[in-house]
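Here the structure is laid out as structure tokens; the discussion comes afterwards.
The values are calculated or read from the model by the stated rules, or taken from the named source; none is laboratory data. What you see is a predicted model, and the numbers here were worked out from it, not measured in a lab. Every residue, glycine among them, receives a Cβ derived from its backbone with ideal geometry; neighbour counts consider all protein chains shown. Heavy atoms of the whole protein, side chains included, go into the accessibility calculation; ligands, DNA and RNA do not. Shrake-Rupley method; radii C 1.70, N 1.55, O 1.52, S 1.80 Å.
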There are 2 protein chains.
Amino acid sequence: MAGVDAAGEFETIRKLFAPLAHPDHAWGLRDDVAVMPTRPGYDLVLTKDAIVEGVHFLPDDPLDTVAQKLLRVNLSDLAAKGCEPFGYLLACHWSPRCGWPEREAFAEGLAADQKEFGIHLLGGDTVLTPGPASFSATMMGWAPKTGSVTRGGAKPGHGVYVTGTIGDGYLGLKAAQGHLKLEEERLEALAEHYRRPVPRLAYGQAVQGYATAIMDVSDGLIADLAHIADASGVAASVQLELLPKSAAAMAWFETRIDPEAALEQLATGGDDYELLFTAHPADEGNLKREADRLLLRLTRVGTVEAGRGVSATHLGKPVDIRKPGWTHD
Amino acid sequence: MAGVDAAGEFETIRKLFAPLAHPDHAWGLRDDVAVMPTRPGYDLVLTKDAIVEGVHFLPDDPLDTVAQKLLRVNLSDLAAKGCEPFGYLLACHWSPRCGWPEREAFAEGLAADQKEFGIHLLGGDTVLTPGPASFSATMMGWAPKTGSVTRGGAKPGHGVYVTGTIGDGYLGLKAAQGHLKLEEERLEALAEHYRRPVPRLAYGQAVQGYATAIMDVSDGLIADLAHIADASGVAASVQLELLPKSAAAMAWFETRIDPEAALEQLATGGDDYELLFTAHPADEGNLKREADRLLLRLTRVGTVEAGRGVSATHLGKPVDIRKPGWTHD
């Protein structure tokens with residue numbers, strides 16, 4: 001049923017992926033399996049995320065950034081667990097647009113991020129699909145055996161914090177689609193954030209001693225905070241005027257007639273890949289110090305309360321959030 | 001960009017997949033990660049295979065058997081390493097045909113095989129694609145720390161062995177497509193083999209002490225034997241008249257005018273998921289005894305020789321194999 005693939009599974013693996021393989025644990029990708037090491041005092045943590053062309057990345061996104069986005073959305077999950085990343089298995093569902101130059105670009109993106117994040121390829125599969133391209137990675141990392149923070153420990157009175165800025169992924173998608181009118185430099189900064197989010201690995205490790213509940217923001221700040229509230233059996237409120245905005249997001253925000261609606265878009269747009277966590281207010285000094293050390297912005301955007309669900313206010317006025325987050329599926 | 005998904009990612013995970021989650025290591029799928037245990041004296045072995053509708057399974061295959069095929073092709077890789085299976089992460093790239101009843105069927109297929117093979121779901125992702133459905137699994141298992149047999153130990157004089165029968169996957173595909181004229185019962189047996197191959201896990205463990213090189217047959221007997229020959233730096237020859245055939249394959253074979261061409265089809269068709277290995281002839285008695293114990297057919301189909309590549313003969317006459325195996329990609 002499969003057509004003959006000009007780029008070739010074995011060629012792709014041998015020429016493009018084998019050089020990316022872990023020197024000790026992937027047998028040069030000449031076998032079907034990888035054998036994992038153990039690390040005394042550490043747990044092996046796994047996560048698996050998939051991305052689909054036209055859903056999670058754009059049909060004209062360069063394949064090197066698609067590869068990087070794939071790794072980074074998975075690394076972002078490990079960041080929330082305070083993991084040190086180790087390696088990954090990869091499944092490439094190539095579409096007809098993925099010829100040899102595109103596969104080379106994909107492998108270059110992987111290589112760049114392997115260097116950036118200290119990870120290696122451990123195995124996987126490459127198949128052809130007539131439909132849009134899609135990719136998945138199973139990312140592995142090490143977490144101290146003392147245990148990672150879950151989503152379930154938020155208590156009334158704790159603060160709600162986010163790293164970096166919120167809304168750039170959402171605006172970046174619009175910028176990459178040509179739906180945004182801003183200076184070229186702003187558009188590029190936003191599209192770059194959409195295509196290559198930055199997993200907050202170092203800060204994820206730093207906050208494990210302080211956070212009471214943590215996850216990364218992929219579906220949207222409000223939707224993901226709802227997951228924490230749900231798992232913790234609490235409510236949470238967000239002050240929309242406190243949302244940390246990048247210079248580019250600020251430039252966009254200033255063009256908006258309805259600031260409340262604009263903030264709602266940023267808080268629900270998704271694709272941020274920042275860390276969202278709750279912590280006791282007494283730890284705020286330590287949290288800020290760790291963020292300063294990493295030159296990372298940290299913002300308290302809300303408060304954990306008794307009850308259920310997530311509410312939002314703008315300058316003290318309740319805001320009705322109709323669609324709390326992006327629905328990927 | 002994604003349309004609203006009626007079946008719903010969260011609904012799918014909560015209602016269909018959470019009941020399949022490992023009781024200790026998947027946190028009820030309420031988090032993005034799984035934490036793996038360690039097992040003293042054992043290595044954790046990983047493999048990741050993907051399957052695509054229209055390439056590895058048929059657009060009208062029931063989703064429960066698609067789920068089972070996904071798990072089994074991955075388990076088959078672990079079988080070749082003598083692993084005891086433990087669990088898996090899953091990525092579902094649902095197409096529009098995958099509504100709620102189809103997802104329910106998929107989860108039922110997973111549940112049946114979890115029971116059959118003693119495995120649990122550990123995590124993963126579910127996304128929507130407008131294209132054909134595709135799925136991948138990262139399967140994990142335990143192998144004794146003494147190390148698994150690789151593909152690289154075949155030496156001239158060793159025998160070439162296969163478990164079960166060869167060609168049923170190939171004929172099963174034709175049967176499922178309605179391209180085969182045989183009794184209904186035969187067609188069903190063949191289609192069943194195509195849809196639900198049987199990973200040879202117990203025998204894979206039993207032969208680790210004897211096999212000098214081993215892998216599972218997915219691309220076709222000849223193509224996969226070429227991988228072993230290549231990795232071992234040897235040649236191998238196959239006597240096509242020795243190919244073990246099921247009763248259904250035999251019935252098909254008897255309708256063929258050109259027996260040599262028919263055997264070539266069986267030896268190159270792929271999708272067998274039997275174990276293919278080499279061993280010293282002195283171990284043949286032990287290999288047979290282990291196979292008998294498991295009520296499994298074991299056949300010596302050829303010999304390892306000095307040189308490079310794989311050759312085939314039929315009743316002593318050389319056969320020119322034009323296309324050694326199925327190209328999935």
From the square roots a ≥ b ≥ c of the eigenvalues of the alpha-carbon gyration tensor of the protein assembly as shown, which class results: rounded (a/c under 1.5), prolate (a/b over b/c), or oblate? prolate
Label-to-label distance, nm, for residues given as A:Trp100 and A:Glu284 (7 Å Cα→Cβ offset): 6.0 nm
Taking a ≥ b ≥ c as the square roots of the eigenvalues of the Cα gyration tensor of chain B, is the shape rounded (a/c under 1.5), prolate (a/b larger than b/c) or oblate? oblate
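How much accessible area per residue does segment B:245-289 have, counting only protein heavy atoms and a probe of 1.4 Å, in square angstrom? If you can, show how the numbers build up before the last one.
Values: 1780 Å² over 45 residues.
Accessible area per residue: 40 Å².
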When chain A is treated as a Gaussian network with springs between alpha carbons less than 10 Å apart, the largest mean-square fluctuation among A:Leu295, A:Leu29, A:Leu44 is found at A:Leu295
Let me make sure I get this right: for segment B:159-319, a, b and c are the square roots of the gyration tensor eigenvalues over alpha carbons, sorted descending. Under 1.5 in a/c it's rounded, otherwise prolate if a/b > b/c, else oblate. Which is it? oblate
Axis proximity, chain A to B: residue whose C-beta lies nearest, plus whole-Å distance: A:Gly131, 1
In segment B:167-251, the chymotrypsin sites (Phe, Trp or Tyr not before Pro) that fall in loop regions by DSSP, at most 12 other Cβ within 10 Å: none
For segment A:220-292 and segment A:174-193, distance of Cα centres in Å: 21 Å
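What share of the DSSP beta bridges in chain B is antiparallel, in percent to the nearest 5? Intermediate results must be reported in sequence, preceding the final value.
Values: 41 of 56 bridges.
Approximately 75 percent, going by the DSSP bridge assignments.
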Counting Lys and Arg as +1 and Asp and Glu as -1, what is the net charge of the other residues whose Cβ lies under 13 Å from the Cβ of B:Leu44? +1
For A:Pro130, inter-copy label distances in nm, listed shortest first [label point 7 Å out on the Cα-Cβ vector]: 1.6
What residues have an amide H closer than 5 Å to that of B:Thr129, excluding those fewer than 5 places away on the same chain, when H is modeled at 1.01 Å from N in the peptide plane? B:Trp94, B:Ser95
Exceeding 26 Å between C-alpha atoms, which entries from my cross-link table qualify? They are B:Lys115/B:Lys245; B:Lys48/B:Lys245; B:Lys69/B:Lys288; A:Lys69/A:Lys145; A:Lys15/B:Lys174; B:Lys48/B:Lys145. B:Lys115/B:Lys245; B:Lys48/B:Lys245; B:Lys69/B:Lys288; A:Lys69/A:Lys145; A:Lys15/B:Lys174
Taking the Cα centre of segment B:159-319 as origin and charging only Cβ (+1 Lys, Arg; -1 Asp, Glu), how large is the dipole, in debye to the nearest 20? 180 debye
I need the inter-copy label distances for B:Glu284: point set 7 Å along Cα to C-beta, values in nm with one decimal, smallest first. 8.0
Fluctuation leader among B:Asp64, B:Asp224, B:Asp258 - chain B, Gaussian network, Cα springs under 10 angstrom: B:Asp258
Please check which bits of segment A:81-96 a label hung off A:Ala202 would reach, taking the label as a point 7 Å along Cα-to-C-beta and the cut-off as backbone N under 18 Å. A:81-86
Helix-only [θ]222 nm of chain B, DSSP H runs n ≥ 4, -39500 (n - 2.57) each, per residue, nearest 500: -9500 deg cm²/dmol
Would you work out which of B:Tyr203, B:Ala312, A:Ser218 lies farthest towards the positive end of the dipole of the protein assembly as shown? Charges go on Cβ: Lys and Arg +1, Asp and Glu -1. B:Tyr203
Mind checking the dipole of chain A: about its Cα centre, +1 per Lys or Arg Cβ, -1 per Asp or Glu Cβ, Debye to the nearest 20? 760 debye
Could you pull out the GluC sites (Glu not before Pro) across segment A:206-281 that fall in loop regions by DSSP (anything but H, G, I, E, B) with no more than 14 other Cβ atoms inside 10 Å? A:Glu254
With each label point set 7 Å from Cα along the Cα-Cβ vector, what nm distance links B:Ala18 and B:Glu188? 3.8 nm
Which order do the peptides B:97-110, B:303-316 come out in when sorted by mean C-beta neighbours inside 10 angstrom, highest first? B:97-110, B:303-316
Determine ³J(HN,Hα), in whole Hz, for all residues of segment B:258-273 in sequence, where each value follows from phi through the Karplus function 6.51 cos²θ - 1.76 cosθ + 1.60 and θ = phi - 60°; x replaces Gly and Pro. 10, x, 5, 5, 5, 5, 4, 4, 5, 7, 10, x, x, 6, 7, 6
So with the 1.4 Å probe, I'd like the accessible area per residue for segment A:9-144, rounded to whole Å². 30 Å²
A:Arg297-B:Asp61 FRET efficiency (beta carbon distance; Förster radius 41 Å; 0.05 resolution): 0.25
With every protein chain in place, the protein assembly as shown: carbon and sulfur % of accessible area (1.4 Å): 52 percent
Averaged over peptide B:24-35, how many Cβ atoms belonging to another chain are found within 10 Å of each residue's Cβ? 6
Can you list the trypsin sites (Lys or Arg not before Pro) in segment A:119-224 that are in a DSSP coil and have 15 or fewer other beta carbons within 10 angstrom? A:Lys145, A:Lys181
Of all DSSP beta bridges having both residues in the protein assembly as shown, the percent classed as antiparallel (nearest 5) is 75 percent
Considering only A:Thr138, A:Pro101, A:Cys83, whose Cα is most displaced toward the positive end of the charge dipole of chain A, charges sitting on Cβ of Lys, Arg (+1) and Asp, Glu (-1)? A:Cys83
Can you report the principal axis dimensions of segment B:1-101 using only the alpha carbons, biggest first, rounded to whole angstrom? 48, 31, 24
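May I ask for the net charge around B:Leu180, where only other residues with Cβ less than 14 Å from the Cβ of B:Leu180 are counted and Lys, Arg are +1 while Asp, Glu are -1?
On the way: positive: B:Lys174, B:Lys181, B:Arg186, B:Arg256; negative: B:Asp168, B:Glu183, B:Glu184, B:Glu185, B:Glu188, B:Glu192, B:Glu254.
In short, -3.
Would you mind working out the magnitude of the charge dipole of the protein assembly as shown relative to its Cα centre, with +1 at each Lys and Arg C-beta and -1 at each Asp and Glu C-beta, to the nearest 20 Debye?
Details: 62 positive and 90 negative charges, 250 e Å.
Roughly 1200 debye for the protein assembly as shown.
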Can you list, shortest first in nanometers, how far A:Gly307 lies from the same residue in the other copies, with each label 7 Å from Cα toward Cβ? 8.1
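I'd like the interface area for chains B and A: accessible area of each alone minus the complex, both sides summed, 1.4 Å probe, protein heavy atoms only. What is it in Å² to the nearest 100?
5200 Å²
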With heavy atoms of protein chains only and a 1.4 Å probe, what residues of segment B:46-60 have at least 30 Å² less accessible area in the full set of chains than alone? B:Leu46, B:Lys48, B:Ala50, B:Val52, B:Gly54, B:Val55
Fraction of beta bridges assigned by DSSP in segment B:9-144 that are antiparallel (%, nearest 5): 65 percent
